[in-house]
Amino acid sequence: MRNWSFTDKFSWFGNKKNKGQVMCMIKALKEKFLHPDDEFTPIPFWFWNDSLNEEEIRRQIHDFREKGVMGFVIHPRIGIPKNIEYLSDRFMQLVRFAVAEAARLGMKVVLYDEGMYPSGSAHGLVVKKNPEYASKGLSMTEYPLDDIDEIEFPIPNNERIVSILAVEKKSADSFVYESTKKLHAENGKVRFKVPKDGKWSLVVFTLCFSGGTIRGIHFGEDDGEPFAPPSADLLNPDAVAAFIEITHERYYQVLKKYFGNTVIAMFTDEPCILGRNHRKGLIPWTDDFLECFISAGNEETSLPALWWECGGKTEEIRRNYSNAVNLRLEWSYYRQISEWCEKHGIALTGHPEKSDEIGLLKYFHIPGQDIVWRWVAPENNRGIEGEHSTMAKCSSDSARHRGRRRNSNECFGCCGPEGIHWAFSMDDMKWYMDWMFVRGVNLLYPHAFFYSIEGERRFGERPPDVGPNNVWWKYYNFVSDYIKRMCFIMTDSVNQTNVCILCGSSGLPWKAAKHLYRNQMEFNYLETELLLSEKCKIEGGRIKIEKQEYTVAVIEEPDILSDEVKDRLSVFIRQGGKVVVYNDGANKDNLLGFESVSSPEEFIEFIKEHGGYDYSFEPRHPDLRVSHVVKGGCHLYVLTNEGENTINTVLRTRITGRAELWDAWRGAVTEIDPIACGENDMSIEISLPRRESLVVCIDRSEKAVPGVKGFARKVQKQELQLCWSIFDNQRLIKERENSLVSWTEWPGMDAFTGTLIYETSFIQSEKGNCRYLLDLGEVHEIVRLYINGHDAGVRMWKPYVFDITRWMKSGVNTVRAEVTNSMANKISGAKLKSGLIGPVCLVKVYETN
């Protein structure tokens with residue numbers, strides 16, 4: 001089995017190979033696609049949330065393995081009884097048992113660094129070791145001034161003065177920056193002669209404990225509950241060192257022999273500087289942080305701008321402050337943990353607190369993000385609009401530019417529609433998986449597999465269970481195989497875009513990206529910090545970093561550009577590179593001297609002219625997404641449909657050769673004849689139904705042979721008038737039912753979750769020379785179909801259409817449909833539509849030249 005390294009490079013790149021070698025590699029590539037290594041398995045969060053015992057742990061691990069899930073994250077969660085304390089001997093005994101069982105079965109384990117989250121507290125043990133390690137923040141208190149010479153103010157216990165300023169106010173929430181004066185206190189008193197002009201306030205900034213907490217692992221330790229563990233000061237390197245000593249060293253002490261083989265990574269989860277439920281009005285701060293604040297480009301007198309407006313300098317001051325916080329967090333938290341992980345032979349994985357904090361990923365060996373709360377979703381353009389729409393590219397582009405093989409996403413938590421989390425469907429799951437894969441994510445951490453869904457665990461703990469306790473578990477091999485194939489495609493491959501969007505360390509721009517997505521124009525986010533790094537070269541009008549090369553740089557937010565970045569871009573332009581500022585219709589003045597466009601149409605025309613794409617789609621489609629990657633000598637076009645209707649288009653590419661369609665869900669490879677092929681121009685018909693994906697593989701070592709230019713298709717659709725017998729296992733529920741409705745309309749069935757069996761038959765007088773499709777119409781939500789006793793497959797999302805050609809016969813044809821509905825009806829009382837509703841149609845497809 002291939003080593004699960006997070007740093008090594010794939011040997012297929014970097015050397016010239018003859019035609020025979022290329023053909024051999026392509027054959028191996030196809031074989032790996034059809035039968036991918038376990039390295040590419042989903043690695044789900046496994047919620048340890050109940051009374052734990054070895055027998056049940058073993059049973060669940062074996063159940064995972066049978067479904068193709070070859071790894072897991074051990075995640076301590078609310079519901080563990082208090083007699084199993086976090087990191088106690090009994091807790092670690094159970095962890096060691098699970099890891100040993102995984103090792104015996106050839107599975108992998110990712111350890112989780114907290115009990116429960118956000119990370120950094122060690123379930124309160126850091127603060128227990130030293131109360132000074134509790135999380136801190138900066139508070140601002142205003143004292144309006146009259147015409148006085150001296151004011152006395154109280155300083156609460158456990159607070160320390162950071163700064164005292166006299167501020168001229170313009171309004172309740174704005175001030176005059178230039179007038180601000182530094183003051184000093186003596187014995188709790190400040191002397192200040194108030195100027196005759198203006199309205200003045202004394203502003204006192206104090207460092208205080210934030211009062212923040214984390215969510216614990218026992219009942220009574222959740223947000224707002226009395227025993228919620230205190231959060232730690234993540235900006236204090238000593239506090240973080242204590243966290244590592246308490247947590248990481250404890251795991252290593254018990255699991256040393258498994259590190260670097262079975263244990264492959266440590267997961268850190270959205271570390272929060274102030275903690276959850278912290279005191280209102282605070283901002284992140286720690287001891288000696290004023291020096292960091294000033295080093296970032298601010299002044300002590302800039303502090304009020306973190307709360308109030310002060311004109312044009314406000315955004316600069318706040319951006320400098322944010323950069324200072326992130327740099328301190330990188331140095332104090334992420335770097336320490338990263339170095340510990342590397343020293344101990346494992347990867348640092350997980351994700352920062354916010355969706356677009358790309359700069360904080362620099363110390364992750366497996367950079368990641370977190371899809372949660374349906375912030376990204378199929379509806380309302382939430383896949384391409386807003387800050388959360390950037391999170392898949394956030395992790396993948398960080399990995400591309402920092403030379404990381406894998407990047408990850410914790411996904412599916414609380415992603416059910418309309419707040420009914422248990423209504424999360426396989427239809428949704430497929431959309432989310434494709435949304436990540438086409439953007440370059442190549443490791444999924446499904447959130448979550450629940451050890452137990454007893455009692456409150458099924459409702460309050462970020463549902464749904466997306467594994468063993470959900471309706472699709474018996475079919476989960478389809479999911480795990482699909483994830484492995486797509487992660488294989490997106491690992492050790494190089495995407496071919498020439499376009500980058502420049503970004504800062506956070507706040508990834510998405511408006512320009514939206515138009516590129518809708519026009520099938522791939523791009524990558526490039527941090528300005530990396531543009532200035534030694535690993536980035538500008539040569540021949542190209543920005544070169546790792547395996548990526550860019551001829552076009554897009555700027556959406558000019559404020560992120562330092563003078564050094566502007567100078568670097570000027571060199572790029574002089575060598576022939578293109579820099580364009582996209583102003584999103586705002587008609588802002590472009591003071592940078594770069595090219596500028598102010599409408600989506602202008603922007604797309606500019607990118608089309610200068611982007612150097614070797615492919616196009618005719619017609620384009622706003623819901624079609626594409627990633628063009630090269631892997632093992634093959635050009636692979638990964639296509640996904642993020643919309644609600646079938647996409648019919650033609651892929652036109654200057655890459656020519658033998659073409660195949662690779663279907664990762666079904667594990668099938670089909671050779672396809674292009675409808676046109678010239679020396680540097682090939683056209684391939686594409687039909688991509690709703691929720692489907694395809695990989696178009698072009699093997700340049702073999703010549704393409706053009707087929708017939710299209711087919712004339714004649715489609716005949718006949719609604720079948722059928723009588724159904726409906727069973728619950730062997731119990732007959734309905735007989736000779738000819739009107740199909742949701743079974744929630746039947747007495748006593750509105751809260752039923754499970755599988756009902758629908759049986760019927762129809763007569764086909766003569767089998768013709770055509771393809772036969774059975775369209776089941778409306779189904780909720782998973783169906784397995786049998787035709788004449790033959791398994792015709794499983795459909796988990798619409799359209800519920802099956803190709804039944806091979807099993808059709810003249811005369812009587814029997815139909816058996818096993819339909820499973822949503823868990824939401826049983827758990828949430830949602831009364832969602834359930835069962836086979838139809839209409840059921842037989843479709844005949846005739847194709848002629």
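The values are calculated or read from the model by the stated rules, or taken from the named source; none is laboratory data. Quantities reported herein were computed from a predicted structural model and do not represent experimental measurements. All Cβ positions, even for glycine, are placed from backbone atoms using ideal geometry, and neighbour counts span all protein chains on display.
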Can we say GLU595 is surrounded by fewer than 21 Cβ atoms within 10 Å (Cβ to Cβ), at pLDDT below 95, touching a Ser or Thr at 6+ places or on another chain (Cβ under 8 Å) and not basic (Lys, Arg)? no
Just the residues that are within 15 Å of VAL579 (Cα to Cα), of a type outside the set (Asp, Glu) and part of a strand (DSSP E or B), please, taken from the stretch 545-563. TYR550, VAL552, ALA553, VAL554, ILE555
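One line per residue, one yes/no per condition, for (1) crowded, with 20+ Cβ neighbours inside 10 Å; (2) not β-branched (Val, Ile, Thr):
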{"position": "CYS634", "(1), (2)": "yes, yes"}
{"position": "ILE647", "(1), (2)": "yes, no"}
{"position": "ARG652", "(1), (2)": "no, yes"}
{"position": "GLY667", "(1), (2)": "no, yes"}
{"position": "ASP673", "(1), (2)": "no, yes"}
Selection within the stretch 656-670 - within 15 Å of PRO689 (Cβ to Cβ) and part of a loop (DSSP other than H, G, I, E, B): ALA664, TRP665, ARG666
ASP287, sole failed condition from (1) in contact (Cβ under 8 Å) with a residue 24 or more places away in the chain; (2) in a loop (DSSP other than H, G, I, E, B); (3) farther than 13 Å from LEU235 by Cα: (3)
Any pair with Cβ under 6 angstrom, 6 or more apart, that starts in the stretch 270-284 at a residue that is within 17 Å of LEU303 (Cα to Cα) and ends at one that is among the polar types (S, T, N, Q): LEU282/SER139; LEU282/SER210
Please find, within the stretch 622-655, the residue that is farthest from ASN495 (Cα to Cα) out of those that are in contact with a strand residue (DSSP E or B) (Cβ under 9 Å, 6 or more places away or on another chain) and part of a loop (DSSP other than H, G, I, E, B). THR646
For the stretch 382-406 the number of residues that are assigned to a loop (DSSP other than H, G, I, E, B) and either closer than 16 Å to ASP434 by Cβ or of a type in the set (A, V, I, L, M, F, W, C) (or both) is 3
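Looking only at the stretch 305-349, count every residue that is of a type in the set (Gly, Ala, Ser), in contact with a Phe, Trp or Tyr (Cβ under 8 Å, 6 or more places away or on another chain) and in a helix (DSSP H, G or I) and tell me the total. Walk me through how you get there before you give the answer.
First pass over the stretch 305-349, keeping only residues of a type in the set (Gly, Ala, Ser): 305, 311-312, 322, 324, 332, 338, 345, 347.
Still in the list and also in contact with a Phe, Trp or Tyr (Cβ under 8 Å, 6 or more places away or on another chain): 305, 311, 324, 338, 345, 347.
Restricting the remaining residues to those that are in a helix (DSSP H, G or I) gives 305, 324, 338.
The number of residues fulfilling the criteria is 3.
So that you can scan it fast, the table gives a plain yes or no per residue for (1) in a helix (DSSP H, G or I); (2) under 21 Å from TRP48 (Cα atoms); (3) not small (Gly, Ala, Ser):
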position: ILE217; (1), (2), (3): no, yes, yes
position: ASP222; (1), (2), (3): no, yes, yes
position: LEU234; (1), (2), (3): no, no, yes
position: ASP238; (1), (2), (3): yes, no, yes
position: ALA242; (1), (2), (3): yes, no, no
position: PHE267; (1), (2), (3): no, yes, yes
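With respect to ARG406, is the statement that it is touching a Lys or Arg at 6+ places or on another chain (Cβ under 7 Å) and touching a residue at least 40 places away in the same chain (Cβ under 8 Å) true? So that I can check it myself, show each step before the final result.
Working: touching a Lys or Arg at 6+ places or on another chain (Cβ under 7 Å): no; touching a residue at least 40 places away in the same chain (Cβ under 8 Å): yes.
Judged against the criteria, ARG406 is not a match.
A quick yes/no check of all residues on (1) among the acidic types (Asp, Glu); (2) at pLDDT 95 or above; (3) loosely packed, with under 15 Cβ neighbours inside 10 Å; (4) not in a loop (DSSP other than H, G, I, E, B):
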| site | (1), (2), (3), (4) |
| --- | --- |
| GLY14 | no, no, yes, no |
| GLN21 | no, no, yes, yes |
| GLU31 | yes, no, yes, yes |
| TRP46 | no, yes, no, yes |
| LEU52 | no, yes, no, no |
| ARG59 | no, yes, yes, yes |
| ASP63 | yes, yes, no, yes |
Being farther than 20 Å from ASP427 by Cβ and not small (Gly, Ala, Ser) narrows it down to one of ILE782, ILE733, ILE827, so name that one. ILE733
So which of ASP356, ASP370 ends up being of a type outside the set (Lys, Arg) and either part of a strand (DSSP E or B) or surrounded by fewer than 22 Cβ atoms within 10 Å (Cβ to Cβ) (or both)? ASP370
Going through the stretch 819-849 in order, the residues found to be outside any loop (DSSP other than H, G, I, E, B), modelled with pLDDT under 95 and small (Gly, Ala, Ser) are ALA824, GLY838
Reported set for the stretch 282-319 where residues are among the small types (Gly, Ala, Ser) and crowded, with 18+ Cβ neighbours inside 10 Å is ALA296, SER302, ALA305
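Would you mind stating whether VAL499 is surrounded by fewer than 23 Cβ atoms within 10 Å (Cβ to Cβ), within 18 Å of ASP397 (Cβ to Cβ) and in contact (Cβ under 8 Å) with a residue 24 or more places away in the chain? Steps first, please.
On the way: surrounded by fewer than 23 Cβ atoms within 10 Å (Cβ to Cβ): no; within 18 Å of ASP397 (Cβ to Cβ): yes; in contact (Cβ under 8 Å) with a residue 24 or more places away in the chain: yes.
Answer is no for this residue.
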Single unsatisfied condition, ILE384 versus (1) aliphatic (A, V, I, L, M); (2) crowded, with 22+ Cβ neighbours inside 10 Å; (3) out of contact with any Ser or Thr (no Cβ under 9 Å at 6 or more places or on another chain): (2)
Looking at the stretch 247-266, is at least one residue modelled with pLDDT of 95 or more and under 14 Å from SER135 (Cα atoms)? no
Can you find, within the stretch 84-117, the residue that is farthest from ILE43 (Cα to Cα) among those that are assigned to a loop (DSSP other than H, G, I, E, B) and touching a Lys or Arg at 6+ places or on another chain (Cβ under 7 Å)? ILE84
Out of the stretch 404-424, which residues are at pLDDT 95 or above and of a type outside the set (A, V, I, L, M, F, W, C)? ARG404, ARG405, ARG406, ASN407, SER408, ASN409, GLU410
Filtered residues of the stretch 322-349 (kept if under 17 Å from ASP288 (Cβ atoms), of a type in the set (A, V, I, L, M, F, W, C) and either in contact with a helix residue (DSSP H, G or I) (Cβ under 6 Å, 6 or more places away or on another chain) or surrounded by fewer than 19 Cβ atoms within 10 Å (Cβ to Cβ) (or both)): ALA324, LEU327, TRP331
Just wondering, is there one or more residues in the stretch 795-818 that are buried (at least 16 other Cβ atoms within 10 Å of the Cβ), assigned to a strand (DSSP E or B), aromatic (Phe, Trp, Tyr) and in contact (Cβ under 8 Å) with a residue 12 or more places away in the chain? yes
Any residue that is modelled with pLDDT of 95 or more, in contact with a Lys or Arg (Cβ under 6 Å, 6 or more places away or on another chain) and among the aromatic types (Phe, Trp, Tyr) - is there at least one of those in the stretch 364-378? no
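Could you tell me whether VAL801 is among the hydrophobic types (A, V, I, L, M, F, W, C), in contact with a Lys or Arg (Cβ under 9 Å, 6 or more places away or on another chain) and either within 30 Å of GLY460 (Cα to Cα) or at pLDDT 95 or above (or both)?
So VAL801 passes the test.
Listed here are the residues, each with its yes/no results for (1) assigned to a loop (DSSP other than H, G, I, E, B); (2) over 30 Å from VAL715 (Cα atoms).
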| residue | (1), (2) |
| --- | --- |
| LEU740 | yes, no |
| GLY748 | yes, yes |
| ILE757 | no, no |
| THR760 | no, no |
| GLU766 | yes, no |
